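Structure, as C-alpha cells:
No value in this document is a laboratory result; all are computed from the given coordinates. Predicted, not measured: the structure shown is a model, and the values here were computed from it. Neighbour counts run over all protein chains shown; Cβ positions are idealised from the backbone, glycine included.
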Amino acid sequence: MPAFSRFLRYFMVVGRTGSIRKAADELHVSASAIDRQILNAEAEIGMPLFERLPSGLRLTAAGEIMMAAGGNWQKSLADARARIEDLRGLKRGHVEIAVIHALTKGYIPQVLCALHRRYPGITVALRILDSAAMRDAVADGDVDFGIGFEPQSIRDLTVRAFAEVPLGFISLPGHPISQLPRARFSMAADLPIILPARPLAVHDQVAVLQGAAQVPLNRIFTSDNIQMIASLVQEGVGVGVLSWVDVASEVRAGTLCFTPLADPILKPLVLAMTTATSRTLSYAADLVLGEIQQGFAALAYQE
C-alpha cells in the first residue's frame, strides 16, 4: 500500500477490529502511531470517527461514512494499479522459453504455475531442446531466453543465472552405491550400467571418464533420453549415469538415489539461464525470467 494511504490503512483495520491494540498487532506498528493518525484525521474533519467505549472502539456515523469511502478508495486504487501494470506489460504478454528436457519437471513447472496464478494474462510457450539447439534459439532471437548446459560456447549470449550441477551414479534406494557419499567412475567396472548417448550433455563427460578410467564396462543399455535411463534404473536392471538436475525430482520423491562422481578429471556441468546480448526483453519476459532467477540456485546439488 502506498505511503500516502497510511491513515486509511490504519483506520480500516481499527474499524474492522474495534481496537487500536489489535490493529497495531496486525499492522506491526505502534499503537501510538495509529492513535495519532486517527486523532489528526478527527481534528481535520471536526468530528469523531469512533466512540471510545470500555469494550473498545465503535464507528460513529462519520466513521461509517469514512469506512464505506475507504473501501471504495481501496478498490479504486487496486483497479488503477492493475491498469498501470497492464500498461507496463507486467500482466499481459507472451513469453517464449527454451529449456532442456531435464527441466520439464520440478522447479521450472512449479515456478511457471505459480506465476500463472499471479499473472494469468501472461502466456508462455515452452520449447524443449537439447543444449546446443537451445543456445542457437536464444542467439537467433527465436526465444526470449533459454536454460541449458554449458553456455560459454556462444559469444553473443549473456548468462543471467547459473548453477553448477555434478554428474553421478543413479541407483535404487538400498543399492550399495547409494550408501556412498561419493564414488569414482571406476566402480562402474563391477556394475551393470546404463549410459547416456548423444545429444545428451552428459555424454561427452562420460566419454572422458571412460577414457581416463580405462576399465571394461558392463554396458547393458545406452539411451539419448533421460527418462528412459531413469526408468531402466527404476526397473532394477542396473545403475545409470546422469546429472543431478536430470533426477532431482525422483531423488526428492525417494524413488532414486544420486551419488556424485568424485573423479578429479571431472568438472561440474554449468546449468545457465541465458539471453541474447543484443536483445532487450519485454516487460513480460523480464518478469518471467526474474521469477525463475530468484530460486535458480535451488537447481544446484545440495549435499
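Points worth noting:
- Relative contact order, percent, the stretch 3-88 [alpha-carbon distance under 8 Å, six or more residues apart]: 25 percent
- Stokes-Einstein translational diffusion, the stretch 176-303 - Kirkwood Rh over all Cα pairs, 0.692 mPa s, 37 °C, in µm²/s: 200 µm²/s
- Net charge of neighbours whose Cβ lies under 11 Å from the Cβ of Asp204, counting Lys and Arg as +1 and Asp and Glu as -1: 0
- Extending 7 Å from the Cα toward the beta-carbon at both Ser282 and Ala207 defines two label points whose distance is 3.9 nm.
- DSSP assigns beta bridges within the chain; of those with both partners inside it, close to 55 percent run antiparallel.
- Beta bridges per DSSP, both residues in the stretch 21-161: antiparallel share near 30 percent.
- Basic side chains Lys and Arg get +1 at the Cβ, acidic Asp and Glu get -1 at the Cβ, and with that the dipole of the stretch 167-260 about its Cα centre reaches some 180 debye.
- Of Ser223, Ser30, Ser282, the one that fluctuates the most in a GNM where the chain has Cα springs shorter than 10 Å: Ser30
- Within the listed set Leu271, Leu157, Leu59, the residue fluctuating most in the Gaussian network model of the chain (springs between alpha-carbon atoms under 10 angstrom) is Leu59.
- Sum of side-chain charges, Thr274 neighbourhood, beta-carbon under 15 Å (Lys, Arg +1; Asp, Glu -1): -4
- In plain terms, the chain from Ser55 to Lys75 could stretch by 4.2 nm, reckoned as 0.36 nm per residue minus the Cα-Cα distance.
- Net charge dipole, the stretch 111-267: roughly 380 debye, given to the nearest 20, about the Cα centre with Cβ charges of +1 for Lys and Arg and -1 for Asp and Glu.
- Hydrodynamic analysis of the chain uses the Kirkwood radius over alpha carbon pairs. Inserted into Stokes-Einstein at 10 °C and 1.306 mPa s, it gives a translational diffusion coefficient of 68 µm²/s.
- Lys/Arg +1, Asp/Glu -1 at C-beta; the chain dipole; positive extreme among Tyr283, Phe149, Gly211: Tyr283
- Within-15-Å neighbourhood charge of Ile220 [Cβ basis; K, R +1; D, E -1]: -1
- Of all lysines in the structure, those lying under 26 Å Cα to Cα from Lys267, and not within fewer than 8 positions of it along the same chain, are Lys105.
- Of Gln234, Thr255, Ile45, farthest towards positive along the dipole that unit charges on Lys, Arg, Asp, Glu beta carbons give the chain: Ile45
- Each of Ala68 and Gln302 was given a label point 7 Å from its Cα along the Cα-to-Cβ line. The distance between the two points is 5.2 nm.
- Remark on Ser19: its backbone amide H falls under 5 Å from those of Leu57, a criterion applied only to residues 5 or more positions apart or on other chains, H modelled at 1.01 Å from N.
- Three-way shape label, the stretch 3-88, alpha-carbon gyration tensor, a/c 1.5: prolate
- Note on the chain: helix-only mean residue ellipticity at 222 nm, from DSSP H runs of 4+ residues weighted -39500 (n - 2.57) and normalised by residue number, equals -13000 deg cm²/dmol.
- Full extension of the chain segment joining Thr17 with Arg182 gains 53.6 nm, where the gain is 0.36 nm per residue of separation less the Cα-Cα distance.
- Test item: Cα-centred dipole of the chain, Lys/Arg +1 and Asp/Glu -1 on Cβ, debye: 840 debye
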